[in-house]
Amino acid sequence: MTIKWLLAAAVGLAAAATTAVLAWLVSPVAPGVSAAVFGFVALPFGATLGWILFVAPATADQAYASGESVESHWATAASSGTATDLVTVLGLTLAVVSIARVDPPAAVLLTGLLLAAFASFTTRYALARRRALSE
C-alpha cells in the first residue's frame with residue numbers, strides 16, 4: 001500500500017512540475033512567479049489524479065438495468081467524467097492564453113478541445129474496463 005501512495009504522490013508532483021514548466025515557458029512577465037503559482041495550484045489536482053489511478057479502491061459491481069451491457073455501462077461512466085475534464089482543460093487553456101497574451105485562432109482551440117474530449121473519454125473508458133476486468 002505504501003508503494004501505491006508513493007506512486008500517487010509522484011503523479012501529483014509530476015503534474016505540478018509539468019504545469020509549472022509550461023507556465024514558465026509561456027509567461028512573458030515574471031515567469032518564476034507564474035510557474036510557482038500554477039505549480040502550487042496544480043498540485044492538488046495532480047495528487048487527486050494519482051490517488052484515482054493508484055490508491056482508489058475498485059468499486060463493487062453495480063446493478064445493471066435490463067438490456068444494458070457492461071460496455072454501455074463503461075461508456076456511461078466515461079462520458080460522465082469527460083465534462084468535468086473539459087471544463088478543467090478550458091479553464092487552464094484560458095489562463096495560459098491570458099498570461100501569454102496570445103490570440104490563437106478559434107479553429108486551433110476547438111480542435112484542441114475535441115482532442116481533449118477524445119483523450120478524456122478514451123482514458124476513462126480504458127480505466128473502467130481495466131478495473132472491471134482485473135477483479
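Remarks
- Accessible surface of the chain [probe 1.4 Å, protein heavy atoms]: carbon and sulfur percent: 74 percent
- With viscosity 0.890 mPa s and temperature 25 °C, the Kirkwood radius over alpha carbon pairs of the stretch 64-135 converts through Stokes-Einstein to a diffusion coefficient of 176 µm²/s.
- Taking Cα atoms only, the orientation of helix 106-134 departs from the longest principal axis of the chain by about 40 degrees.
- Tail beyond 16 Å, pair distance distribution of the stretch 96-135 (Cα, percent): 56 percent
- Relative to the current alpha-carbon distance between L115 and A30, full extension at 0.36 nm per residue lengthens the span by 27.6 nm.
- Between the helical axis of 70-100 and the longest alpha-carbon principal axis of the chain there is an angle of about 10 degrees.
- Separation between Cα centres of the stretch 1-40 and the stretch 74-100, rounded to whole Å: 18 Å
- Here, the stretch 1-54 is characterised by an Rg to Rh ratio of 1.11, where Rg is the alpha-carbon radius of gyration and Rh the Kirkwood radius.
- With Cα atoms, 0 to 90° folded angle of helix 2-26 axis to the chain main axis: 30 degrees
- Summary of packing: across the peptides 85-92, 49-56, 33-40, 100-107, the per-residue average of other C-beta atoms within 10 Å ranks them, highest first, as 33-40, 49-56, 85-92, 100-107.
- A full extension of the chain between A126 and T48 corresponds to an added length of 26.3 nm, given 0.36 nm per residue minus the alpha carbon distance.
- Against the empirical curve 2.2 N^0.38 Å, the C-alpha radius of gyration of the chain lands at a ratio of 1.25.
- HN-Hα J in Hz across the stretch 33-41 - Karplus 6.51, -1.76, 1.60, θ = phi - 60°, x for Gly and Pro: 5, 4, 4, 5, 5, 5, x, 5, 6
The values are calculated or read from the model by the stated rules, or taken from the named source; none is laboratory data. Predicted model, so just to flag it, every value in this text is computed and none were measured. In this analysis, Cβ positions are derived from the backbone assuming ideal geometry, glycine residues included, and neighbour counts consider all displayed protein chains. The accessibility values were calculated without ligands, DNA or RNA, using every heavy atom of the protein model including side chains. Shrake-Rupley method; radii C 1.70, N 1.55, O 1.52, S 1.80 Å.
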